[in-house]
Amino acid sequence: MTGGDAGGQRPPVRLTAWVHGHVQGVGFRWWTRSRALELGLTGYASNRPDGRVLVVAQGPRPACENLLGLLSGGTTPGRVDNVVADWSHDTEPMQGFRER
């Protein structure tokens, strides 16, 4: 085993994504929660005072990458102009996926 993998499995990751555009008041957080739960991710989607939505998702990297693709893929409610993503290690356990 290398790189800290237990049994050949990669450790969970955390995706932090700031979604820019017309994404508040259009069902975006609910839509994001639904997609994240379908992918087996934990975390939350939160409206920010500046009009962005902050999405924090944890789980296997491929599932987080799928969510990131969905966030910027053009099928979201509202209008997404840009998604800024950051990757890190899964640092705190989260249960479920919530709208904040």
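A few notes on this one:
- Matching entry among Asp86, Asp90 (being surrounded by 12 or more Cβ atoms within 10 Å (Cβ to Cβ), touching a residue at least 40 places away in the same chain (Cβ under 8 Å) and acidic (Asp, Glu)): Asp90
- Residues that are of a type in the set (Gly, Ala, Ser) and in a strand (DSSP E or B), drawn from the range 52-100: Ala57, Gly59, Ala85, Ser88
- Verdict on Ser46 being of a type in the set (Gly, Ala, Ser), over 23 Å from Pro11 (Cβ atoms) and touching a Leu at 6+ places or on another chain (Cβ under 8 Å): yes
- The single condition among (1) loosely packed, with under 12 Cβ neighbours inside 10 Å; (2) without any contact (Cβ under 8 Å) to a residue 40 or more places away in the chain that Arg52 does not meet is (1).
- Of all residues in the range 58-80, those satisfying the criterion of being within 17 Å of Val23 (Cβ to Cβ), surrounded by 11 or more Cβ atoms within 10 Å (Cβ to Cβ) and not small (Gly, Ala, Ser) are Leu67, Leu68, Leu70, Leu71, Thr76, Pro77, Arg79, Val80.
Laboratory data are not the source of any read-out in this text; all were calculated from the coordinates shown. What you are looking at is a predicted structure, and each value in this text was computed from that prediction instead of being measured. Cβ atoms come from the backbone with ideal geometry, glycine included; neighbour counts cover every protein chain shown.
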